[in-house]
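Inspection log for the structure reproduced underneath, given as structure tokens.
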Amino acid sequence: MSRVYNFSAGPAVLPEEVLKEAAEEMLDYRGTGMSVMEMSHRSKAYDTIIKEAEADLRELMQIPDTYRVLFLQGGASQQFAMIPMNLMKNKKADYIVTGQWAKKAYQEACLYGQANKIASSEDKTFSYIPDCSDLPVSEDADYVYICENNTIYGTKFKELPNTKGKTLVADVSSCFLSEPVDVTKYGVIYGGVQKNIGPAGVVIVIIREDLITEDVLPGTPTMLKYKTHADADSLYNTPPAYGIYICGKVFKWLKKMGGLAAMKERNEKKAKILYDYLDESKLFRGTVEKKDRSLMNVPFVTGSDELDAKFVKEAKEAGLENLKGHRSVGGMRASIYNAMPIEGVEALVAFMRKFEEENR
Ligand SMILES: *Cc1c(COP(=O)(O)O)cnc(C)c1O
């Protein structure tokens, strides 16, 4: 068996320890004689799995009791609709558009009410985060929406926008659990887990209790109401049971690693290795404004499509996989999520140095 360094943006690398443990428990989960995949989601064993997963996530993020944690399906993309359907009481919301995912969320919200684009960085291909200290937030906006870490472009909000008292809703898919957060600053924090937590198929929604109501847009399907899932503790119907089980293991791994403050330190260290090299390289360069650089997704280019393609190909041959940039931007992108070991980033930079030598 040989594992590569996998720089995929998602689904992405998972901690090897977690995968090994899951493999050990595959045929017989702790004396139950069955796999978690084969188990009733109403069984005692599963009840413990989902409750422990929630408790560990609450501990990691210090989630106050006034927030609910929901394990849902439909990916982050389904939240683009669920958010306006559940939260647009005044049929008005403000969107800050800093990339493709925020843009999609904005376009979806337009189907349900008046969505206002109050800031955007599309003028410079989303290579920066706009100044959000004094935006024209609507008087009667139900919420202000951001995508906190822009997976495709590699930017991150280092400071949350001034929402002027309005509820902040954030898609954190690609920075989930990468550093400590103050949950109380948000109304809703959500993300698909396949970037930084677990396998595809689970989306975690952390939502302030008062935002969960029956007062939703007319015609909202039962399955798309937060209240349905909150009232049933995420077991209204069959949840993505196996995925939640793996997420639970990752939460335990994160606790063992020292929690989110330790992850932040580790992530900063990893990102610095790569960014420092990009800043000194004569061949490669980063594509976003330095102040807005993401710790998780690092896009870079050589300036030549031909060299970019050569790099991606040769990197793959050297065991450094999935470095091709998103189809909308080209170039390269290294996603260095929680589970990417520091050795992986060091190997990438060593390979880039060698490639630069050879292709000067
Ligand atoms: C990947 C991604 C999405 C889309 O997630 P799906 O689960 O495929 O719907 C949305 N937002 C961000 C920030 C992402 O990185």
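Quick notes on this structure:
- The range 184-214, residues that are in a strand (DSSP E or B) and open to solvent by less than 10 Å² (accessible area, probe 1.4 Å): VAL188, ILE189, TYR190, GLY191, GLY192, VAL203, ILE204, VAL205, ILE206, ILE207
- Count of residues meeting criterion [open to solvent by 20 Å² or more (accessible area, probe 1.4 Å), within 16 Å of the ligand (Cβ to nearest atom) and either touching a Ser or Thr at 6+ places or on another chain (Cβ under 7 Å) or without any contact (Cβ under 8 Å) to a residue 12 or more places away in the chain (or both)] in the range 52-75: 0
- Of all residues in the range 215-234, exactly one satisfies the criterion of being in contact with a helix residue (DSSP H, G or I) (Cβ under 6 Å, 6 or more places away or on another chain) and loosely packed, with under 12 Cβ neighbours inside 10 Å, namely THR222.
- Restricting attention to the range 82-106, the residues that are within 18 Å of CYS132 (Cα to Cα), away from the ligand (no atom under 11 Å from the Cβ) and not aliphatic (A, V, I, L, M) total 3.
- Some residue of the range 217-233 being of a type in the set (A, V, I, L, M), in contact (Cβ under 8 Å) with a residue 60 or more places away in the chain and more than 26 Å from LEU60 (Cα to Cα): yes
- All helices (runs of 4 or more DSSP H) inside the range 253-360 with 2 or more residues being touching a residue at least 60 places away in the same chain (Cβ under 8 Å) and buried (at least 20 other Cβ atoms within 10 Å of the Cβ): 259-280, 342-358
- Residue satisfying all of: in the range 180-210; out of contact with any Ser or Thr (no Cβ under 7 Å at 6 or more places or on another chain) and more than 16 Å from the ligand (Cβ to nearest atom); farthest from ASN150 (Cα to Cα) among these: ASP210
The values are calculated or read from the model by the stated rules, or taken from the named source; none is laboratory data. Source: prediction; values computed, not measured. Positions of Cβ are backbone-derived with ideal geometry, glycine not excepted, and every protein chain shown enters the neighbour counts. Note: accessible area is taken over every heavy atom of the protein model, side chains too, but ligands, DNA and RNA are not part of it. Shrake-Rupley method; radii C 1.70, N 1.55, O 1.52, S 1.80 Å.
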